[in-house]
Amino acid sequence: MKTAKSSLEAANQVVPKIDVNEAIQKHAQGNSVFIDVRDGIDIAETGTIEGALKIPRGFIEFAADPETPFHNKALEKDAEIILVCAAGGMAALTGHTLVEMGYAKVLNVGGFSDWKDANGPVES
């Protein structure tokens, strides 16, 4: 039977965790797509990664599917996508969904507070 724990374990097996300092370097290079999967209220309260797309976890299938009118053109199947959330769990689950949808380069940077604590660039 599928549980929250088993779902998270499966997600962590297919979505590699990236060190926050490595992610900050990738951000500076400008070749990766960063997505904050938290809801808008959390982002409004804390800010987010500079330039990150704001796509809630519950909407990712629509934004990632080129067959929907909601497709985000920044989400290409061969793009390197780096996900962030509050603590890493939602990013892992979102990443698992993207991998199931055919995205090959999906990484989880974990929680936004780790990014902020490491002096990664942020925006309000």
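All of Ala87, Ala44, Ala74, Ala91 fail the test of being open to solvent by 30 Å² or more (accessible area, probe 1.4 Å), hydrophobic (A, V, I, L, M, F, W, C) and either assigned to a strand (DSSP E or B) or under 18 Å from Ile18 (Cα atoms) (or both), apart from Ala87. The single condition from (1) in a strand (DSSP E or B); (2) open to solvent by less than 20 Å² (accessible area, probe 1.4 Å) that Val33 fails is (2). Contact map, region 13-30: residues that are open to solvent by less than 60 Å² (accessible area, probe 1.4 Å) paired with residues that are among the aromatic types (Phe, Trp, Tyr), Cβ distance under 7 Å, separation 6+ or inter-chain. Pairs shown: Val20/Trp115; His27/Phe34.
Got a number for residues in region 47-71 being of a type in the set (Ser, Thr, Tyr) and assigned to a loop (DSSP other than H, G, I, E, B)?
To start, the set of residues in region 47-71 that are of a type in the set (Ser, Thr, Tyr) comprises 48, 68.
Add one more test, that the residue is assigned to a loop (DSSP other than H, G, I, E, B), and what stays is 68.
Going through region 47-71 one residue at a time, the tally reaches 1.
Of all residues in region 94-112, those satisfying the criterion of being open to solvent by 40 Å² or more (accessible area, probe 1.4 Å) and free of Cβ contacts under 8 Å to residues at least 60 places away in the same chain are Glu100, Met101, Gly102, Ala104, Lys105. Here Gly30, Gly102 are screened, and the one residue that is at pLDDT 95 or above, among the small types (Gly, Ala, Ser) and under 27 Å from Asp117 (Cβ atoms) is Gly30. For region 4-27, a tally of residues being under 15 Å from Asp114 (Cα atoms) and not basic (Lys, Arg) returns 9. Taking the criterion of being among the small types (Gly, Ala, Ser) and part of a helix (DSSP H, G or I), the residues of region 1-30 that qualify are Ala4, Ser6, Ser7, Ala10, Ala11, Ala23, Ala28. Going through (1) open to solvent by 60 Å² or more (accessible area, probe 1.4 Å); (2) closer than 18 Å to Ala86 by Cβ one by one, Ile55 falls short only on (1).
The values are calculated or read from the model by the stated rules, or taken from the named source; none is laboratory data. Since the model is a prediction, treat every value here as computed from it, not as a measurement. Every residue, glycine as well, gets a Cβ built from its backbone with ideal geometry; the counts of neighbours run over all protein chains shown. The area values use the complete protein model at the heavy-atom level, side chains included, leaving out ligands, DNA and RNA. Shrake-Rupley method; radii C 1.70, N 1.55, O 1.52, S 1.80 Å.
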